[in-house]
Each structure stands twice: as structure tokens, then as C-alpha cells.
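These notes are about the structure you will find just below.
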């Protein structure tokens, strides 16, 4: 029993002060019940796991975005890697998180692996592939440095930009509505505040963070220059991460300083995104929520032609049975 409600009830049993707490409690109860029912619905809806052929990746991610195939750079990075190496995969858009509480993650022959970079390292070992084979030892070291700049520095400046004082732009990107959108934005803002403070970048002023972002984006642009891809004329592993991050800036950070700076000052980064999209995402319009030909691809098998024939036939029979 709420002490405030008890006191008010004893003083004004039929007055307005008695109605307000009861009304608030009613809303709170409705919110709790609705949340429990919604979570139960999601659990029922997505409890059935996808069945995949042997040596097929099941990629767990949070669903498609309005203008880019994901609202996060890391699922896009990982899916681009799968496409770059023509690895058979299926998407699970249930937003189910890994045991580490992370997304994206994969299952491969029943084995779960979390964290986009750890997934890539795992798949390189399991499938004996090396997208950096054409790079020298020195170039691999440079690519590693840019990977960390992109994911451990630039990324956090983007988070602080989008979850700062004005939350309206991010609301146009997250594909939810009403209470679910409000709750998601508030929760993400809180978590990002904690993570950036722990990282250290969240302790800087807004302008200091912006200067870091400018230096990072300019460094990437200067190194890319007129090259087709970051490390030369042939795409490599780091391009997956760079494309995932830049796509968010160009397409999912509307009105932000990051977007304006790249489009006005660093056009080679925009052109780079276009090249990556054309090469690895010919079905882009079918994989974005605002695309003219959008279709839901939960459970769709990509690169089926790279599967051993018996496994594909067995999988098709399971789907039709």
C-alpha cells in the first residue's frame, strides 16, 4: 500500500487528491500488465527457432531499418561480411539476444557465437577463409588500427550525437511507435550514458566529442582518397565495419553534424558507401523498411547455391512439410 495514497485517503476520501494517486496507480498497473503480456507474446511468437542446413549461419539481429538494412552498424557489418564471402546464412529478426546480452550473434551448426568481430574470427577459422589474403602484413596492421578507430571511437561519438538533447531524429530511425518507442529511446539513452562514461568519451564536453568525430572522419576520408575500398582496389574485412558505420551516418543520422559534415566536406565517403551497396547489396531496396520492394526475409536462405546438394534438399523438404 502506498503511504501517500493512505494519507490522502484518510484526509480527503472523496476529494481530488484521492483520485490522482489512484489514477496514477491505475496507469502504472496497466503499463506493468501490458508489458508482461507483450513480453509473453514475444516469447510465444519467437520461441520457435529457425531450422537451418548444416554449415549455414543463423544471424540473430534486431530487424531491418527504414533506410539501411539495420539501425545498428554491427549487424550490417556482419551481414556484409557474410555476403562478401558468400557464406550461406539466414536472418532471425526476433531481436533475441545472446547469452552475453549482445546482438548481433550467430548460431553455426548449433554453436552460438556472440560479438560481431568474434563471429568474423570464428567463421574465418571454421570455413578457412581470409578476406585479407591480398594484404601485406603492414596493411593488415593499418586495417586493424582503422577497425578500432571506427568501432571504439567514432561509433561512440555517433551515439552521443544521436542520444543527446534532441531525441526526435532517432525516433524516425527506430521502427517502433507509441509507448514501445518511448521506452526504447529512454532505455538506450540511459545505457549509452553509462557506457560512454565508462569508456571515457562521455566525460568530455559536446564540442570536445565533436572534434574527435571530425578528426576520425577526416582521417578515414584522407586515407581512402580515390581508392575504391579502404585498403585498395579489392575489398577486405575492414570494409564491412566501415560500411556498416558510414551507412548509419549517411542514412540514419538525419540532421546530425556527422551527416552534414560527411555530405558537405567528405563526399568520397558517400561515394564509398554507394560502391559497397552496389557490390554487396543489389537487393538493398528489398531489405529496408522504406524500400519500394521491401520484403520480410526472416528465415530466408541466402547463397543457397553454395550449400551441398543433400543439405539444401533436406532443408526444402522441412520447409514444405
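The three principal axes of the C-alpha atoms in region 240-315 carry coordinate ranges of 52, 22, 17 Å, sorted with the longest axis first. Take 194-202, 217-225, 133-141 and order them by the average number of nearby Cβ atoms within 10 Å per residue, most first; the result is 217-225, 194-202, 133-141. Once you sort the root eigenvalues of the Cα gyration tensor of region 137-282 as a ≥ b ≥ c, which label holds: rounded (a/c under 1.5), prolate (a/b larger than b/c) or oblate (the other case)? Cα axes put region 137-282 in the prolate bin. Among 95-108, 73-86, sorting by the average number of other beta carbon atoms lying within 10 angstrom of each residue, highest first, gives 73-86, 95-108.
Which FRET efficiency, nearest 0.05, do residue 126 and residue 285 yield, Cβ-Cβ r, R0 35 Å? So the FRET efficiency works out to roughly 0.65.
Note on residue 265 and residue 172: their simple-model spin labels are 2.2 nm apart, each label 7 Å out from Cα toward Cβ. Each peptide among 164-172, 52-60 gets the average number of other Cβ atoms lying within 10 Å of its residues, and from highest to lowest they stand as 52-60, 164-172. Between residue 118 and residue 300, the FRET efficiency estimated from the beta carbon spacing at R0 = 30 angstrom works out to 0.75. Label-to-label distance for residue 153 and residue 180 is 3.8 nm, based on points extended 7 Å past Cα in the beta-carbon direction. Take the Cα of residue 227, step 7 Å toward its Cβ, do the same at residue 208, and the gap between the two points is 3.2 nm.
Read-outs throughout are calculated quantities, based only on the coordinates presented, and are distinct from any laboratory measurement. Everything quoted here is computed from the prediction, not taken from an experiment. Cβ: placed from backbone, ideal geometry, glycine included. Neighbour counts: every protein chain shown.
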